Amino acid sequence: MYIVVSFKDNIVIMSNIELKNAGLKITLPRVKILSKLESSENHHMSAEDIYKELINDGEVISLATVYRVLTQFEAAKIVIRHHFESDGNSQAVFELNHGDHHDHMVSLKTGKVVEFYDEIIENRQKELAKEYNFKIVDHSMILYGEFLDEE
Ligand SMILES: [Zn+2]
């Protein structure tokens, strides 16, 4: 199947491979949304962020479709869903699943997200789990605050 879309060709090819590997059919909305996640400078996007950017690009798509495709991507483990707090409510944010674990710092002031990985924190969690006879399946750590160099 060959689809012509307005994004860079290599990103579209990457998207197609990822969809195939995940066992998902290549459809135009899926390619567009995956391409957006791959090409965007903002690596943590809400469904509305993606929807707005696609509309700005002149694409014809509904917010309901964006939600539906993201849910399919999550089930296929192509994306990871996080819940970030902002203005007192929790917002679902999606990022591509590159298979590398990391945690997040989220600015309550601007919504800026920074990823971090700390070996000491990771190891400490494993030690604690052992101490409590607990098997960790997953974890997420989100630090909320503000970056001191933010406007
Ligand atoms: Zn992340």
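The values are calculated or read from the model by the stated rules, or taken from the named source; none is laboratory data. As the structure is a computational prediction, the values presented were derived from the model and not from experiment. Neighbour counts run over all protein chains shown; Cβ positions are idealised from the backbone, glycine included.
What is the number of the single condition among (1) at pLDDT 95 or above; (2) over 20 Å from LEU24 (Cα atoms); (3) under 13 Å from the mean Cα position of the chain (by Cα) that TYR51 does not meet?
(3)
Of all residues in region 53-76, which are loosely packed, with under 15 Cβ neighbours inside 10 Å and part of a loop (DSSP other than H, G, I, E, B)?
ASP57, GLY58, VAL60, SER62
Suppose the filter is outside the structural domain of ILE17 (by TED's automatic domain parsing), within 12 Å of the ligand (Cβ to nearest atom) and loosely packed, with under 15 Cβ neighbours inside 10 Å; does MET141 pass it? Break it down stepwise before answering.
Numbers: outside the structural domain of ILE17 (by TED's automatic domain parsing): yes; within 12 Å of the ligand (Cβ to nearest atom): yes; loosely packed, with under 15 Cβ neighbours inside 10 Å: yes.
In short, yes.
Of the residues PHE84, PHE73, only one is among the aromatic types (Phe, Trp, Tyr) and more than 12 Å from the ligand (Cβ to nearest atom); which?
PHE73
So if I check each of PHE94, PHE116, which one is under 26 Å from TYR67 (Cα atoms), within 16 Å of the ligand (Cβ to nearest atom) and not aliphatic (A, V, I, L, M)?
After ruling out the rest, the residue left standing is PHE94.
Given the conditions (1) more than 14 Å from the ligand (Cβ to nearest atom); (2) of a type outside the set (S, T, N, Q); (3) assigned by TED's automatic domain parsing to the domain that holds MET14, which single one is not true for MET45?
All conditions are met except number (1).
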